[in-house]
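Presented below is the structure to which this report refers.
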Amino acid sequence: MTPETPPPRGRLPLSPSPALRGTWLLVLLGLELLALTLRFDTQGLTGAAPGWTRWLGAAPAGVHIGLASVAAFLVIVGPRLPTLWQGLHPPVRQHRWGLWLAGHGVALSVFILVTAAILDVEPAAVRPSLLWPVAWGLSGATVFLLWLGALAPPSGWGHLMHQEYAAVLGASLVGVGAWGSGQISQALWTPLTETTLGVVRALLGLVYPDVYYDLAEQVVGTAMFQVTIAPACSGYEGVGCVTLLLLLYLWWFRRHLRFPQSLLLLPIGAVAAWGDNALRLAVLIALGTSVSPAVAQGGFHSQAGWIAFLLVGLGVIVMTQRCAFFTATTPSPAVPAPVQYATALLVPLLVLMATIVLTSALSSGIDYLYPVRVVTTSGALWAFRKAYRPLAWTWSWPALVFGMAVCGVWMVLEPADHHRSTVVAASLAPLPEGLTMIWIGFRVLGAVLIVPVAEELAFRGYVLRKLVASDFATVRPGRFTLLACLLSSALFGMLHGRWLAGTLAGIGYALALRQRGQLADAVVAHMTTNALLAAYVLAHHRWSLWV
């Protein structure tokens, strides 16, 4: 993107820049979708008399397809995004975005009124006239089109569609395919569950003579411990996750892979994911039978799926890189310096995540083995300490301010989970006082010192710059695009399981980095946030903030 002409001295700009305006409009759209989702539920139309309620009740599927299509489009155009964003805002035309935004607000009010008139009644009282679904569809489309007009002028969108029509069509097909694959997976749930149950039964029979098996109730286990094969346990979720990972891998490294033989990785990964899921269920039952039902139902049940996903996905990728049948070029034994630097930035976080998954799988209630993740992550940071020396490890007062602001946002958006706090307190109660103090000490040490360093090295040190340029090492810290900031912050929010609070926190740390262009400022801001949260947890025993 080319820099904008600065306003004359002594005068404030009359309009925000397109980048800043785009940020606020994206936030606005997200808040509107969230509010509409919380306010209205189309499932209430089930059983309503008019026939048009069937397709109106399926409206959320359109949102899912749209989001998947947008994500696919961003992946497809990839490196061209800065150029495309600039093309959306031709400098010779005046963009009256305020009028578009005002029209968007009016159309949104009409849409809310029409939606309320349809959904806020008993199903039997839904009006049979077709004018209501037509008004609902037209008002909804108008809301979105006016939002697009506020984001960029119509001429810019026309230029984008003309230039990238193939990418738009391909992304739309991917969105529809992603939604359709989910529907097919749900339709195949019953036969897949029966097959999974049979494999688990056979695996258990190799160890236990008293295997319990009920096909009608879809229950399998031993005399002491049984599980019901729910839809999510049938294996289709793991198959979908691994397939998505491999699709991204095939696209990202398409220049280094052989086609069409590399497409075989998709069925290989799907079969491996399903088989690994069956093995996971067998291990779960064995753990509940021979070790501890609490551990099996707690940490292992919730974390073993991620362990299986990582093992299968990364295992297939590693196998591919070592197999000449799939790779187009033979990798050089010498590792380039950028690759070494990327490894130093990413490995501590990967070690942290792997340790979290493993220790959580072996714990119930709370992660008693939390000190292990502090030790392993500290070891990874120490192993790559020479790579971090060129970074300027100084701090600034604005970094502290950003950290305090993120803490305030996190506290406002994070709901109080009294049940979870009670569970953690009950789990700590049986421990001797000395062990409790040791666990709390490691918890504070990890949250305030170790975790911020590992996460900032990965997200603000690598991911943020990688989204700006493929050769991330050429991107100066603090020099990032709006899209890179939003995407990296969204990934940061997904990692923490709190998409809104986590995304805003990632944006805050990126802004701290931007002030001086030093990664240490993002680290200090992150440390400040976690230190304040730790103080609040210890003072008020709100343990749910540490979960």
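Just to verify a result, which residue in region 224-281, among those that are part of a loop (DSSP other than H, G, I, E, B) and open to solvent by less than 70 Å² (accessible area, probe 1.4 Å), is modelled with the highest pLDDT?
Of region 224-281, the ones part of a loop (DSSP other than H, G, I, E, B) are 224-225, 229-230, 234-235, 253, 258-260.
Narrowing the set further to residues that are open to solvent by less than 70 Å² (accessible area, probe 1.4 Å) leaves 225, 229-230, 234-235.
Working: Phe225: 88, Ile229: 76, Ala230: 71, Ser234: 64, Gly235: 65.
Within region 224-281, the match that is modelled with the highest pLDDT is Phe225.
If you go through region 482-517 one residue at a time, how many are over 24 Å from Met353 (Cα atoms) and either open to solvent by less than 40 Å² (accessible area, probe 1.4 Å) or in contact with an Asp or Glu (Cβ under 7 Å, 6 or more places away or on another chain) (or both)? Steps first, please.
Residues of region 482-517 that are over 24 Å from Met353 (Cα atoms), as a first pass: 482-483, 511-512, 514-517.
In the following step, the residues that additionally are either open to solvent by less than 40 Å² (accessible area, probe 1.4 Å) or in contact with an Asp or Glu (Cβ under 7 Å, 6 or more places away or on another chain) (or both) were identified as 512, 515, 517.
Adding up the residues that qualify gives 3.
Given the residues Gly461, Gly446, which is the only one that is in contact with a Lys or Arg (Cβ under 8 Å, 6 or more places away or on another chain) and within 15 Å of Leu349 (Cβ to Cβ)?
Of Gly461, Gly446, the one residue that is in contact with a Lys or Arg (Cβ under 8 Å, 6 or more places away or on another chain) and within 15 Å of Leu349 (Cβ to Cβ) is Gly446.
Please determine whether any residue of region 498-515 is farther than 24 Å from Val351 by Cα, polar (S, T, N, Q) and outside any helix (DSSP H, G or I).
Scanning region 498-515, I find no residue that is farther than 24 Å from Val351 by Cα, polar (S, T, N, Q) and outside any helix (DSSP H, G or I), so the answer is no.
Of (1) assigned to a helix (DSSP H, G or I); (2) under 21 Å from Ala344 (Cβ atoms), Gly478 satisfies all except one. Which?
The number of the failed condition is (1).
Give, as residue ranges, the helices (runs of 4 or more DSSP H) completely inside region 287-386 that count at least 3 residues that are more than 25 Å from Val271 (Cα to Cα) and either modelled with pLDDT under 85 or within 27 Å of the chain's Cα centre (by Cα) (or both).
Numbers: elements: 301-321, 337-361, 370-383.
Passing ranges, in order: 337-361, 370-383.
Given the residues Ile65, Ile76, which is the only one that is among the aliphatic types (A, V, I, L, M), at pLDDT 75 or above and not in a loop (DSSP other than H, G, I, E, B)?
Values: Ile76 fails: at pLDDT 75 or above.
Every option except Ile65 fails the conditions.
The values are calculated or read from the model by the stated rules, or taken from the named source; none is laboratory data. Everything numeric here is computed off the predicted structure, so don't read it as measured data. In this analysis, Cβ positions are derived from the backbone assuming ideal geometry, glycine residues included, and neighbour counts consider all displayed protein chains. Side chains are part of the model used for accessible areas, which takes the heavy atoms of the whole protein and leaves out ligands, DNA and RNA. Shrake-Rupley method; radii C 1.70, N 1.55, O 1.52, S 1.80 Å.
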